[in-house]
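All of the numbers you see were taken from the coordinates with simple rules; none came from a lab. Small disclaimer: the values here were computed from a predicted structure and weren't measured. Counting neighbours? That spans all protein chains shown, and the Cβs are built from the backbone with ideal geometry, glycine included.
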Amino acid sequence: MLEAQPTAVWWGRVPYEPAWRRMQAFTETRTAETGDQLWCLEHPPTFTQGMAGKAEHVLAAGDIPVVGIDRGGQVTYHGPGQAIVYPIVDLQRLGLGVHAYIRALEEAAICTCAAWGIPCHRQKGATGVWTGNEGDADDATRKIAAIGVRVSRSCTLHGMALNVEPQ
């Protein structure tokens, strides 16, 4: 029988590409009996370019690597001071659709921030979580949680980057 709770794994600081390849391998080899996992880690500075991303969306990367990946979304910065969470879960087993899953990730970020006294909200028409006053014209500059996922065989890859104290 499968455990109801995912197994949480702290990987420490891991370069992006090896973590992504490990996530792909885990997902490709899992069976209906494989339990879900929650990977928590940090990455050295890396830009990821999702399938909707364009090279011109990466501004002033300098020496920071840009990795083209298989998730939705555009460009996301990953680096020290971010809490990276990769829930690797079977959505079918959980009875969730992709949009409900993304909303659940946003809600987890909102609740986490609220526990620290940081008011956050969703922004209409966008995925992620923002701080500041909802509706401000410069709201996009205050994104605190980026979310990008991929679903393969009803199982999720990638997840959320929560800005704690980005360096």
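Using just its DSSP H runs of length 4 or more, each adding -39500 (n - 2.57), the chain gives a mean residue ellipticity at 222 nm of -6500 deg cm²/dmol after division by all residues. Where (i) 43; (ii) 39; (iii) 49 are the candidate values, the label of the one calculated here for percent of Cα pairs over 22 Å apart is (i).
For VAL149, the shell of other residues with beta-carbons less than 11 Å away shows a net charge of +1, using +1 for Lys and Arg and -1 for Asp and Glu. Counted over all Cα-Cα pairs of the range 68-167, pairs farther apart than 18 Å make up 47 percent.
To the nearest 10 degrees, how steep is helix 16-29 against the longest Cα principal axis of the chain, on a 0 to 90 scale? Taking the Cα atoms of the chain, the angle to 16-29 is about 30 degrees.
Report, in degrees rounded to the nearest 10, the 0 to 90 angle that the Cα long axis of helix 98-115 makes with the longest principal axis of the chain. Around 60 degrees separate the two axes. As a ratio to 2.2 N^0.38 Å, the alpha-carbon radius of gyration for the range 1-60 is 1.44. When only Cα pairs below 8 angstrom with a gap of at least 6 residues are kept, the range 1-148 shows a relative contact order of 19 percent.
Tell me, what is the FRET efficiency for CYS40 and VAL66 to the nearest 0.05, using R0 = 22 angstrom and their Cβ-Cβ distance as r? Efficiency at R0 = 22 Å is approximately 0.40.
Where both bridge residues fall in the chain, DSSP classifies roughly 75% of the beta bridges as antiparallel. Segment ALA8..TRP116, full-extension length gain: 36.7 nm, with 0.36 nm per residue of separation and the alpha-carbon distance subtracted.
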